[in-house]
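Here is the structure we will look at.
Values in this text are rule-based calculations from the coordinates and carry no lab data. Remember, it's a predicted structure, so these values are computed and weren't measured experimentally. Every residue, glycine as well, gets a Cβ built from its backbone with ideal geometry; the counts of neighbours run over all protein chains shown.
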Amino acid sequence: MEMNSERESVDVLILGAGLTGLAVAERLMGKGLKVAVLEKEAYVGGLARSLDWRGFKADIGGHRLYFENRDLFAEIVALIGEDRLIKHARKSSAYRDGKFLKYPPQLRNSMASAVLLSKTLWDAAGLCGRKTLNPLSLKDWVLNNFGPTIHDAYFKQYTRKVWGLETDEMSAIWAQRRIGGLNAFQLIRELAVGARSKEAVSEFYYPRGGMGDLSVRLHDRIRTEVRVIREAELLSLGGDRDTLSLARFRSPSGEECLKFGKLVSTIPITALARALSSWRMEFKSLSEGVKYRDLLIAYVAVSRRPVFEEHWVYFPEERISFSRVCEFDNWCDGMAGGDGALLGCEIFCGRADRLWNSTDDEIAALAARSLQGLGFVTAEEIQAVRVLRVPYAYPLLYLGYEKALNPLLRACESVPNLRLAGRTGTHSYFDMEECLEDAKRVYRCLT
Ligand SMILES: Cc1cc2nc3c(=O)[nH]c(=O)nc-3n(C[C@H](O)[C@H](O)[C@H](O)COP(=O)(O)OP(=O)(O)OC[C@H]3O[C@@H](n4cnc5c(N)ncnc54)[C@H](O)[C@@H]3O)c2cc1C
């Protein structure tokens, strides 16, 4: 490989041009700092990008905007434009035993939901005084907070399918982050009077043209001042005994080096550790046991719309290949081009799994078979299928994951000019709002 000997120097180097990396770069603009971003892919946006395909537009799984931080939301509205944001009343279901059950369950709308919730109330009454004191696993947490009915209906199979683990092998932290401190009584109250928790929120916003619009606009805003180097994969990091100062990366023009004063990493923490191991050997073993869950998406173009009434539908049953299907034309009219529908069928797996290593045709056929087998579409209605592999889609918060992660986080924190940021970079279950808040936090540390 050709080595570019010219060593450009920047004040701040950001690894990764996903939402967090772009947001950090945007905050640093106008501060008199020379900033560069290294991005492995040819596109920006990471998990929050949209792809164009045959006149269709689709996200990496449905991405809804819902912000609790009003100031941050105002910034996003200003960035995207109020007229380009669609406000949706959430429509989502869980499909089980051949029936669509409103999700989150609603007391008023369905008999099945009402039965489920009355059983939950019964469980909750029986729970008083019978709780695990310090629930560490997802199973104990769900049993403590909601009881066995909700555990068996919503968590048991779905956890196995999405995470490849039983509920007693998953950390309670996942549920604490996602569902918060909600218990059965509060859940029922929320469902009767309208949801307030973030996970169950009943309204959300969506940018016309796909969620990727957010990243594209951030990129447009920074591109005059910040050098975003795409198709540039980080290879190694180096420096003196205590501080980092040099990044070596591979780009289409060969291997290059960039000097920097401060480094912000939003790339998978395991990839960062690999790059750091040439500087300090200890990083090599520190990333062992830090795991991500990967995602396959089969985008299915269908000649008829709508296929589903919902924005997205959960499929907890293991006999069905996908765990969730988003119908993008229900998110925004133009997403599916003409009169057809575009379905994003999400299949969760690990990179070592046979499924991940199957061919695109095999994965496409699997998703198409499930859709046809359930009677949602016919073979004639399927126009095309495109398969996308999304590595590092979710941090895998298995029971005890902190034992592997914390020493690595501490080692990173001990490097004075390195900051970790965002969902993938900190290995946290962050949504977009939390990523943008984290970008703000890191910006404050840098200036
Ligand atoms: C299926 C799915 C649905 C979601 N739905 C929602 C939702 O409805 N609402 C919500 O708020 N959030 C949602 N999220 C979460 C949201 O997508 C993330 O919080 C956010 O996009 C993470 O941004 P990030 O920049 O921290 O990480 P990433 O998007 O992972 O960015 C990391 C970047 O680093 C790059 N990179 C990786 N390795 C290297 C390397 N070696 N060298 C250089 N660059 C590298 C990657 O290509 C990527 O661009 C969802 C996520 C998924 C997976």
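Quick look at the values:
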item	result
Order of ASP240, ASP140 under a 10 Å beta carbon neighbour criterion, fewest first	ASP240, ASP140
Neighbour net charge for LEU408 - beta-carbon separation under 15 angstrom, K R +1, D E -1	+3
Ranked list, fewest to most other Cβ atoms within 10 Å of each Cβ, for THR167, THR243	THR243, THR167
Mean separation of Cα contacts under 8 Å (6+ apart) over length of the chain, as relative contact order %	24 percent
Choice from SER323, SER253, SER137 showing the highest fluctuation, given a GNM over the chain with Cα pairs closer than 10 Å	SER253
Highest-fluctuation residue, GLU225, GLU82, GLU26 considered, GNM on the chain with Cα pairs under 10 Å	GLU82
Rg to Rh, two decimals, where the stretch 292-447 supplies the alpha carbon set and Rh follows Kirkwood	1.08
Ascending count of other beta-carbon atoms within 10 Å, so fewest first, for VAL37, VAL387	VAL387, VAL37
D_trans [Stokes-Einstein, Kirkwood Rh over alpha-carbon pairs] for the stretch 199-301, 20 °C, 1.002 mPa s, µm² s⁻¹	125 µm²/s
DSSP beta bridge pairing in the chain, given as percent antiparallel to the nearest 5	70 percent
GNM flexibility winner over the chain from ILE86, ILE269, ILE363 (Cα, springs under 10 Å)	ILE86
Sequence-distant aspartates and glutamates (8 or more away, or on other chains) whose Cα lies within less than 12 Å of LYS139	ASP152, GLU166, ASP168, GLU169
At q = 0.08 Å⁻¹, base-10 log of I(q)/I(0) for the chain (Debye sum, equal scatterers on each alpha carbon)	-0.49
GLU288 versus ASP83: modelled label distance in nm, points set 7 Å from Cα along the beta carbon direction	5.9 nm
Sequence-distant residues sharing a close amide H with ARG293 (under 5 Å, placed H)	ALA393, TYR394, LEU396
Rg(Cα) / (2.2 N^0.38 Å) computed for the stretch 1-101, rounded to two decimals	1.52
